[in-house]
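Since the structure comes first, as structure tokens, the remarks are kept for the end.
The values are calculated or read from the model by the stated rules, or taken from the named source; none is laboratory data. Computed from a predicted model, the values in this text were never measured in an experiment. With ideal geometry, Cβ positions are generated from the backbone for all residues, glycine too; neighbour counts draw on all protein chains shown. Accessible surface areas use protein heavy atoms only, side chains included; no ligands, DNA or RNA. Shrake-Rupley method; radii C 1.70, N 1.55, O 1.52, S 1.80 Å.
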Amino acid sequence: MSGSSDRKQRIMTRFQRHLANPVNRRLPFQTLLETTGRTSGLPRTTPVGGRRVGDSFWLVSEFGYRSQYVRNIQADPRVRVRIAGRWHRGTAHLLPDDDPVARLRALPRFNSMAVRAFGTGLLTVRVDLDG
């Protein structure tokens, strides 16, 4: 990763971790992704943007394999997703062969614009929802 991309990620990660995510987690209808911490084993909740399509939930990680929630998924793909205020269990799949830019066109516009603007290593994630 280039120096400017690395710097961009550090700035955005600090902003998200200390300001945006704590606020967004409190919003009742914010979509949330809950993973299991790969080291701690504790639940880790991250606000995400995405869309449910049938029995799957699709999102694009703006920092790809460098995102903490992606690293947690690699360690344990069992996740929960809160969609419209309701929690769903599922299994997450990382899809490096999917075109994340094309995928963003099918996802909510505001989040997709932010992911494209600030992202440095886009990666598509699909969560297959249980039942």
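Heavy-atom accessible surface of D97, to the nearest 10 Å², is about 150 Å², with a 1.4 Å probe and all protein chains retained. Accessible area per residue for region 72-125, computed on protein heavy atoms with a 1.4 Å probe, is 56 Å².
If we sort 99-105, 119-125, 38-44, 64-70 on the protection proxy, mean other Cβ atoms within 10 Å, highest first, what's the order?
On the way: 99-105: 16.1, 119-125: 20.6, 38-44: 10.7, 64-70: 18.0.
Highest-to-lowest ranking by the protection proxy: 119-125, 64-70, 99-105, 38-44.
For region 24-131, with all protein chains present and a 1.4 Å probe, just round the carbon and sulfur fraction of the accessible area to a whole percent. Intermediate results must be reported in sequence, preceding the final value.
Values: 2920 of 5830 Å².
Exposed carbon and sulfur together represent 50 percent of the surface.
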